[in-house]
Structures are given as structure tokens and as C-alpha cells.
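The values are calculated or read from the model by the stated rules, or taken from the named source; none is laboratory data. Owing to the predicted nature of the structure, the values given are computational and were not obtained by experimental measurement. We place every Cβ from the backbone using ideal geometry, glycine too, and count neighbours over all the protein chains shown. Ligands, DNA and RNA are stripped out before the accessible areas are found, and what is left, the full protein with its side chains, is counted by its heavy atoms. Shrake-Rupley method; radii C 1.70, N 1.55, O 1.52, S 1.80 Å.
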Amino acid sequence: MTTGSLGLRSSGSYGSLQQQLFQNSSSPIQTTPPIPRKPPKLFKEKEGLFLWICKFAPRKNVGMLLLCVVSAAAFLWVLYVGKGEVAAEQSNRMFAPETVHKYTFRGIESIQKNNVGQSVSTVQPPPPPLPPVYFKGYTLPPGNPCEGFTLPPPPADKKRTGPRPCPVCYLPVEQAIALMPDAPSFSPGVSNLTYIHEENQSKTEFGGSDFGGYPSLIQRNDSYDIRESMSVHCGFVRGIRPGHQTGFDIDDSDLLEMESCQGVVVASAIFGAFDLIRQPKNTSEYAKKNVCFYMLVDEQTEAFLRNSSELNNSMRIGLWRIVVVHNLPYDDPRRNGKVPKLLLHRLFPNARYSLWIDGKLELVVDPYQILERFLWRKNASFAISRHYKRFDVFVEAEANKAAAKFDNASIDFQVDFYKKEGLTPYSRAKLPITSDVPEGCVIIREHIPISNLFTCLWFNEVDRFTPRDQISFAIVRDKIMSKTNWTVNMFLDCERRNFVIQGYHRDILGRLTPPRASIIVHPPPPVILETQHTSPFVPTSTVITTPIKKIPTKRGRERKSKRHRKVIAGNKDPNFN
């Protein structure tokens, strides 16, 4: 049997393709042995046909018939050959490499045969989502003066043993702004934090309030079980929107402005007209335009500011935007002050960073320089200064009792409760933790879930026990650090005193100021000194030092002897009359 009997062409482009398809066929071709047949009588039949044509061809009619048959056969042969060439050309075009890839292989990729023999359309899975991007810190370029900056020894003044500021190396404002992270820091342990809302609250025997809720001990312990998604008490429990019908209420127009703050917020508060408003100094023009400066006051402080002609209808005093708070949740002004201090992330839900300063403090360094120095350069999301003198919670509690900061029985109950939970006195065994007692008048933080959780739980302790937040700081920090690798940057108190100047409360200033004097004397501004390490490629950093007042010393006997000089007879002073 020849290829002609199979209907296949022995030449051409798709003859080889068919041969390739037969050779590459996955199913084996079964063949049967040939059946023996009698040899055909081709030569005999052909010989008879030739003799027949030669016998009748000379006749006229037969010759014409044969001529017509030959012509028709030639015409059909031409048609057959032309059609074959067109088909071959089409097949050559169809099975060209680019065409085969376009049609044949695309169909093979889109349709596959399963084991049952049914056609299954394969859908390409979507590409996996890109991993989230987090800020991972940075290192200062080589040669930067702040890279190897060390604190100088304290001044040798034995007569002054109290706290004092120390030099801090800040980057220039422009460079600090350029180093602001584009992505948030990683939040270990928790990535989704929601807050409990309760309209109908049931009081428990273990503290709490209508503003902060009444979480049971079981709920309190559960809030320290760090999980990926958590829901905790965090103030404002009676309303869905913080500041709106929750206690600590704020006008809707102010709430809209606070919610629109999306970058850096500097916040403070004055309740009971207890302090005077102090303007930030050394603030860059960029910070004046982009940082949100908010001063929260109660109605009493608002009335005092309007009576003193400091506040008008613009509700601005210098850089500060004044926001009046109504329906304060607590009778204790100290506890009211803990609401904005610890829950800024709820009042400013879209802010990335916040700097809290107590009302008695004056900010004297640009906010971006502070954030760069204590957060970004340290790759930290929470920074607070440690107490200049006390490092132990138990010592701090005794100091609070001695100064009558709160009821002694309540302080003892709180400390005993923490002792049963495992709080121990501070020792070197706790290193690298440097202190258990913060100086909480300044808080620098990034608003990410883990730092928000920390301040929520810290506020819950203040709401449940005493408002002395320095006592409850360590227990909350240690419980979170035992479940995650999150840490707190506790910097020196002298560094805090470098960028804020502590003033006197208003009542003390009233006693110190002469009755007829109306000008309030503020502490002297800091002196900015440029380091001598300069480089054409690295911007010169600044070391800011706060001047120290020189206290005049008493001369004692020497001064007394000059007043009562003896006059010797015969040697009288010529100026003496």
C-alpha cells in the first residue's frame, strides 16, 4: 500500500508535520501481519488494454472519443495540480512557526485533557499580592557629626544636684524632614485593633468609669493576650465616634479638623486654667504649615483666655488651635488630662505621629528634629524619657505618698496588686530595660496598632486604679514585651529638658510676680551651637544646649566683714564724715 492510497502527500510542509504527529502520538499504533494475496495481473491487463486501443483507434468515431477523453483528463489534471498547490501554500502559511504558535499552541495551553477525557479550561491564578512595605530604620551616613556624638560630663557644680538639660545632636530641619519614613513601622503581634463600644454598661466591683467602661478582670487579662486582631476598651465607650456624646465632647467642626490631620500632630491641654499657654519656638516654616498644633482646654480655661483678651473668635493663639472640651468625664483634673495624653490616636485617627507635651512646658525645638532624633533614628515607635532620679516603681509609689499626690490607701492597693502579678523592684537584671519609671510629661510616638494598644491598656490602668501613670507604666510595658519583641525607647531626662523648657504653674507665677507687673518672664531660649565637624557632602548637624542659670552664691563672713570694718584711731577713712 503506497502513500497515494492513503491520501497523503509525500512532499510538502505538512507531510512532515503529519509524520511528526504520528511519531509523537502518545497512543501506540497496533499493526497486523500482512495477509498473503495472489499476485495481481497488472501487466496482463495493461497489455490487453493497449492492444484494444491500437485495434480501434484508426476508426474515426473512436479516435474522436479517445481525443475528448484525453483532453478531459488533461484538464482535470491541471485543476487537480493547481488546487493542490493552493492548498499546499495555505498549509505552509498555516503551519509557519509564528502561525503555529499563535493558533495551535495557544489552544493547547488553554485546553487540557483530564483523565476522564473531558475538556477543562485552565484559568491562570492571579499573581500573589506584594508583601507589605515597612519602615526598617536607617543609619546616618559616615562622617555625620551625630553618628559618634557622646554626652559631655555634667558641669562640676556640687551645689546644684537637681535635674538639668544636656546637649542633644539634631540633624538640620531639612534633612530631618527628608528622612521622614514613607511607610509605617512594623507592628509586632497585632495588626488590626478595634475598640469596644457599650451603650448599656454594668458596673463591676473592680473599678472603671462610664467613660472608660467597666472591664472585668477576665477582660483585662484577655486584653494582654496579644493576637493579630484585637478589640479592647480604650475610652469613649458610650459613643461610636470619639468626642461625640461620649463625655470629653468636642464640637463637630473641631472634630472634622482633627480628623483631617494626616501627618504630625503636636498636642497639649490645659484644664482649670491651671497653666499659661506657651508658644513653640525655633519652629521651621515647613512645620508651621504642615504640623497640626492643638491645645485642648475646658470651658473654665476658655473663659479665662477670653477675659484676658488672648483668645478671639479665630480660636487661635499663635500656632495653637484652641479646641474647647465639654462634659469632662472625671471630677479629678489630673485624670481628665490623661484622656488626650494617652488617647491621641483616637482623637486624631488619621495622624501618623504625635508629640504630647504637658501644658506647663514650652517647646523650643522643631517637631521634625525631635521625631528624627528619638523615633526614626532609633527605629522606634514609642519614646518617653525616664525619670531623672527614680527607676523603681515601689520607690516612686512611696514618693507619691510622701508628696500627697493621691490617696495613700489607693496607691498601696495598686502596688500590691501589681506585686501579685509579678512586678519586681528594678535591678540590673532587667537590662536592656533602663528604668521602670518614666517622666511622662512628654510622649513621642507613631500611631501603629501596637503603640495604640499600649496606650489603651495604659489608660485602662489609670482609669481603674490611680491617675498616677508613672506607677502603671512598667506593668503594661512588661506584659506586652513578654508576648512580642516590641520595645520602648526610654531616653535620658536631661535630653527631654533640652527640647522643652519647664515653666511654673499659673498660681505659682501669681505669687512670684510683683503685683503691678504684667509681664511674665519666661525661661531663656536655648543656645544653638554648630559643631566644627563640617563636610562638603554631609550637612552640618546642630548640637543644642540649654543655658544654665548661674545661681549667686552667698559670701557669708567675707561679705559681713566688708560691711562692719573697724575704724582704727589715727587712720580714719577720708570719705567718712
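Report yes if some residue within segment 209-218 is in a helix (DSSP H, G or I), surrounded by fewer than 21 Cβ atoms within 10 Å (Cβ to Cβ), over 22 Å from the mean Cα position of the chain (by Cα) and at pLDDT below 95; otherwise report no. Yes, some residue in segment 209-218 is in a helix (DSSP H, G or I), surrounded by fewer than 21 Cβ atoms within 10 Å (Cβ to Cβ), over 22 Å from the mean Cα position of the chain (by Cα) and at pLDDT below 95. With the structure loaded, tell me whether THR513 is within 28 Å of PRO165 (Cβ to Cβ) and either at pLDDT 95 or above or within 33 Å of the chain's Cα centre (by Cα) (or both) or whether it fails that test. Criteria not met by THR513. Looking across GLU396, GLU302, one residue alone is within 16 Å of CYS441 (Cβ to Cβ), over 32 Å from the mean Cα position of the chain (by Cα) and assigned to a helix (DSSP H, G or I). It is GLU396.
One line per residue, one yes/no per condition, for (1) assigned to a loop (DSSP other than H, G, I, E, B); (2) within 22 Å of TYR195 (Cβ to Cβ); (3) at pLDDT below 95; (4) under 28 Å from the mean Cα position of the chain (by Cα):
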| site | (1), (2), (3), (4) |
| --- | --- |
| SER231 | no, yes, no, yes |
| GLY247 | yes, yes, yes, no |
| VAL266 | no, no, no, yes |
| MET295 | no, no, no, yes |
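Taking the criterion of being open to solvent by 10 Å² or more (accessible area, probe 1.4 Å) and outside any loop (DSSP other than H, G, I, E, B), the residues of segment 369-393 that qualify are GLN369, ARG373, ARG386.
Scanning segment 272-293 for residues that are open to solvent by less than 40 Å² (accessible area, probe 1.4 Å) and either of a type in the set (Ser, Thr, Tyr) or not in a loop (DSSP other than H, G, I, E, B) (or both) yields THR283, SER284, ALA287, VAL291, CYS292, PHE293. Considering (1) open to solvent by 70 Å² or more (accessible area, probe 1.4 Å); (2) farther than 30 Å from PHE417 by Cα, the lone condition that CYS166 does not fulfil carries the number (1). Condition first: touching an Asp or Glu at 6+ places or on another chain (Cβ under 7 Å) and at negative phi. Can you find one or more residues in segment 410-430 that meet it? Yes, the conditions are met somewhere in segment 410-430.
Sort out which residues of segment 346-368 are surrounded by 24 or more Cβ atoms within 10 Å (Cβ to Cβ), under 25 Å from SER253 (Cβ atoms) and out of contact with any strand residue (DSSP E or B) (no Cβ under 7 Å at 6 or more places or on another chain), and write them in order of number. Across segment 346-368, the qualifying residue is only LEU347. Within segment 434-456, is even one residue out of contact with any Asp or Glu (no Cβ under 9 Å at 6 or more places or on another chain) and without any contact (Cβ under 8 Å) to a residue 60 or more places away in the chain? Yes, segment 434-456 contains at least one residue that is out of contact with any Asp or Glu (no Cβ under 9 Å at 6 or more places or on another chain) and without any contact (Cβ under 8 Å) to a residue 60 or more places away in the chain.
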